Amino acid sequence: IILVVLIIIFVKINNKTAKTLKIGNNSTSQEVVDYILNIKSYETEIDVEVKSNKNSNKYKIKQTYINEKNITQEVVEPSNIQGVRIIKEGNNLKIENTKLSLTKIIENYSDITKNNLDLINFIENYKNNSNSQFKEENNQVIMETTAQNENNYQKYEKLYVSKETGKPIRMEIKDTNQNTIIYIIYNEININKLENEKIYAFRLLDITKEI
């Protein structure tokens, strides 16, 4: 069993290393864009500022995206809504408040409202918009697209990506007048690791059962 575990860990580490080497100092802007557009899963902590005509609200949020049927978003700050989690599991939407031990489940929730704080939502908009474009500036790749919705207050999206690491740095979402409505900073992000870890865990479980 120990040998099997070591083999799986070795293969896993090598796969991760290979993915890391795809993006580096010699990567082209197109390679960075392709890397972003092929994100399958991610885990991140973001700082979000949402502006309106009257005020501005700031949040710290943890996001976990394993696949389109398994998404979690948890509020870290401010303290008055800390612990609120929105979880999509299959066709169900679960809303939890861990402080108050409250849970509400909405079954067969097929009409999920587009979450503009979600990186995957930006990726889908970019892929589906023929006017999407990118440019390189200050060692960053700037990807621009238009949101696929009728909301004039959240119309234009711009994602800044490190050309060196391929990781998102920040996102700006603007209204039709080019005013920034949502500003997101990616403090840390792990890309394409969650789904792989899940797959390896199942493989290990199957192998140990056979042994």
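Computed values, structure above
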read-out	value
Boolean, residue 131 is open to solvent by 20 Å² or more (accessible area, probe 1.4 Å), part of a loop (DSSP other than H, G, I, E, B) and at pLDDT below 95	yes
Tabulated pairs, the stretch 43-67, first closer than 16 Å to residue 167 by Cα, second at pLDDT below 95 and of a type in the set (Lys, Arg), C-beta under 8 angstrom, 6+ apart or interchain	43/193
Members of the stretch 165-198 found to be open to solvent by 20 Å² or more (accessible area, probe 1.4 Å), in a loop (DSSP other than H, G, I, E, B) and closer than 20 Å to residue 40 by Cα, listed by number	165, 167, 192, 193
Subset of the stretch 136-155 [farther than 10 Å from residue 176 by Cβ and of a type in the set (D, E, K, R)]	136, 137, 144, 150
Enumeration of residues in the stretch 154-164 that are among the charged types (D, E, K, R), crowded, with 16+ Cβ neighbours inside 10 Å and under 13 Å from residue 23 (Cβ atoms)	163
Tally of residues being modelled with pLDDT of 95 or more and of a type outside the set (Lys, Arg) across the stretch 166-179	6
Of all residues making up the stretch 71-85, the number that are more than 14 Å from residue 117 (Cβ to Cβ) and open to solvent by less than 60 Å² (accessible area, probe 1.4 Å)	3
Of all residues in the stretch 138-153 being among the polar types (S, T, N, Q) and buried (at least 17 other Cβ atoms within 10 Å of the Cβ), the one that is nearest to the chain's Cα centre (by Cα)	145
Lone qualifier among 94, 62, 114, 58 - being part of a strand (DSSP E or B) and modelled with pLDDT under 95	94
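Conditions tested, residue by residue: (1) at pLDDT 95 or above; (2) open to solvent by less than 80 Å² (accessible area, probe 1.4 Å); (3) under 30 Å from residue 183 (Cβ atoms); (4) in contact with a strand residue (DSSP E or B) (Cβ under 7 Å, 6 or more places away or on another chain).
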position: 6; (1), (2), (3), (4): no, no, no, no
position: 17; (1), (2), (3), (4): no, yes, no, no
position: 21; (1), (2), (3), (4): no, no, no, no
position: 30; (1), (2), (3), (4): yes, no, yes, no
position: 39; (1), (2), (3), (4): yes, yes, yes, yes
position: 42; (1), (2), (3), (4): yes, yes, yes, yes
position: 45; (1), (2), (3), (4): yes, yes, yes, yes
position: 49; (1), (2), (3), (4): yes, yes, yes, yes
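The values are calculated or read from the model by the stated rules, or taken from the named source; none is laboratory data. Just so we're clear, the structure is a prediction, and the values are computed from it rather than from any experiment. Using ideal geometry, Cβ is built from the backbone for each residue, glycine included, and neighbour counts are taken over all protein chains shown. These area figures cover heavy atoms from the full protein model, side chains too; ligands, DNA and RNA do not enter into them. Shrake-Rupley method; radii C 1.70, N 1.55, O 1.52, S 1.80 Å.
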